[in-house]
Amino acid sequence: MDCLKDIDTGKWNELVAKSSVASFFQTPSCYHFYQSLPFVEPFVYGVEHQGQLLAVACGYIIADGGKLKQFFSRRAIIPGGFLLADNCPTEAVTCLLNFTKNALKKKAIFVEVRNYDDYACFSSAIQAAGFEYQPHLNFHVDTTSLESSLQKLSSTKRRDVKVSLKEGAELSLLDNEADLKAYYDLLRDLYKTKVKTPLFPYEFFQQLYQWPEGRIFVVKYQGRVLGGSVCVELPNRVLYEWFVCGLDRTIKNVYPSTLATWGAIEYASTHEITRFDMMGAGKPNDGYGVREFKAKFGGTLVEHGRFCYVANPMLFFIGRLAVKLLKHLK
């Protein structure tokens, strides 16, 4: 088995096409997207055997704030889980994970793998390599039919969509950067006041807007941006909702958050995309208001979890403690 840092794009795309756990986040296009962002350090590692690419880990290293905070917040994120051939042998999985750990251990305090597909058959090998499994929920919405997608909405969500449009709210794909900036300001305010976790800089959204797989939906009322949904597409397979927000309760009978998510589901249902992925619904035992919101769009609740490898336990402990303290102080 050969561990690689330079991966043949043709073989990589072929593995994406054949793997049942493929995601946009493990594609060459996503890797190039990360490369276009000055505030992350992208990485990709692969395992090849007898000329066949069997496994890929694609992600980025990121840190927040000034020099001190950056030192304690260095982390490697692998969104979407590992890209693995359906017949990927345990040896290849182990080889990939050991290579990934060794390559990242001096750059990141921990490595977090966010699964959007079922890795149950690979879980033993992944955990044996030192990646701890952490339960995490998500919703997958079947979007094979527009009529079916609409019927799966809760009665309140169907009503909210109907009355919002009747009231004059408009839903469309983003077509200008002024609306993108207005949307980003809404999202930044949400993260600052409620979510209280770091948000990518504006350049992330600006670049994604121009990316071939980027799909950004905006909700407007009388020319004013009230909300939107930021998505990426694995062509003809999955639409992922990366961010969503809206100024709910601002205009009577207009529900921008609901309309934004429905717009993305509608798009998937009419563009031969078979699944809408809501990209997370919190930990099973934690109260999570966003999960209640997402549950009303007719998706199936799944627990594909996350895997975490801690390269530096002491810095990991200090960093987590500091994050909790900062959240409390804000």
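Can you pull out every residue in region 262-287 that is within 15 Å of the chain's Cα centre (by Cα) and crowded, with 22+ Cβ neighbours inside 10 Å? Before the answer, list the steps.
As a first pass, look at region 262-287 and keep what is within 15 Å of the chain's Cα centre (by Cα): 264, 275-282.
Within region 262-287, 264, 276, 277, 278 meet the criteria.
One residue alone among 113, 161 is in a helix (DSSP H, G or I), in contact (Cβ under 8 Å) with a residue 24 or more places away in the chain and among the β-branched types (Val, Ile, Thr), and that residue is 161.
Can you name every residue in region 75-88 that is more than 21 Å from residue 242 (Cα to Cα) and in contact (Cβ under 8 Å) with a residue 40 or more places away in the chain? Lay out the reasoning, then the answer.
The first filter runs over region 75-88 and keeps only residues more than 21 Å from residue 242 (Cα to Cα), leaving 84-88.
Listed by number, the residues that qualify are 84, 85, 86.
Tell me which residues, restricted to region 134-158, are in a loop (DSSP other than H, G, I, E, B), of a type in the set (Val, Ile, Thr) and exposed (fewer than 14 other Cβ atoms within 10 Å of the Cβ). The answer is 144, and nothing else. Residue pairs whose Cβ atoms lie under 7 Å apart, sitting 6 or more positions apart in sequence or on different chains, and linking a residue in region 184-199 that is assigned by TED's automatic domain parsing to the domain that holds residue 227 to a partner that is surrounded by fewer than 14 Cβ atoms within 10 Å (Cβ to Cβ), are 191/197; 196/327; 196/330. Taken over region 291-300, the criterion of being without any contact (Cβ under 8 Å) to a residue 60 or more places away in the chain and exposed (fewer than 15 other Cβ atoms within 10 Å of the Cβ) is satisfied by 292 alone.
If I filter region 116-133 down to residues being assigned to a loop (DSSP other than H, G, I, E, B) and out of contact with any Leu (no Cβ under 6 Å at 6 or more places or on another chain), which single residue comes out as farthest from residue 85 (Cα to Cα)? By that ranking, first place goes to 130. Residues in region 248-261 that are within 22 Å of the chain's Cα centre (by Cα) and either among the polar types (S, T, N, Q) or surrounded by fewer than 19 Cβ atoms within 10 Å (Cβ to Cβ) (or both): 257, 258, 261.
The rows are residues; the columns are (1) out of contact with any helix residue (DSSP H, G or I) (no Cβ under 6 Å at 6 or more places or on another chain); (2) modelled with pLDDT of 95 or more; (3) farther than 27 Å from residue 252 by Cα.
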position: 113; (1), (2), (3): yes, yes, yes
position: 139; (1), (2), (3): no, yes, yes
position: 150; (1), (2), (3): yes, yes, no
position: 160; (1), (2), (3): no, yes, no
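Note on region 164-193: residues that are more than 19 Å from the chain's Cα centre (by Cα), part of a helix (DSSP H, G or I) and not aliphatic (A, V, I, L, M) total 10. Listed here are the strands (runs of 3 or more DSSP E) enclosed by region 216-316 that have at least 1 residues being more than 24 Å from residue 206 (Cα to Cα): 275-277, 300-303, 306-310.
Checking the structure you have, find out if any residue of region 223-232 is under 16 Å from residue 141 (Cα atoms), in contact (Cβ under 8 Å) with a residue 60 or more places away in the chain and either surrounded by 17 or more Cβ atoms within 10 Å (Cβ to Cβ) or of a type in the set (Phe, Trp, Tyr) (or both).
First pass over region 223-232, keeping only residues under 16 Å from residue 141 (Cα atoms): 229, 231-232.
Now restrict to residues that are in contact (Cβ under 8 Å) with a residue 60 or more places away in the chain: 232.
Okay, now just the ones that are also either surrounded by 17 or more Cβ atoms within 10 Å (Cβ to Cβ) or of a type in the set (Phe, Trp, Tyr) (or both), so 232.
Yes, the conditions are met somewhere in region 223-232.
Residue selection: residue 55 fails the criterion of being farther than 25 Å from residue 282 by Cβ, in a helix (DSSP H, G or I), in contact with a helix residue (DSSP H, G or I) (Cβ under 8 Å, 6 or more places away or on another chain) and not polar (S, T, N, Q).
The values are calculated or read from the model by the stated rules, or taken from the named source; none is laboratory data. Bear in mind the structure is a predicted one, so any value in this text is a computation, not a measurement. Glycine also receives a Cβ, built like all others from the backbone with ideal geometry; neighbour counts cover every protein chain displayed.
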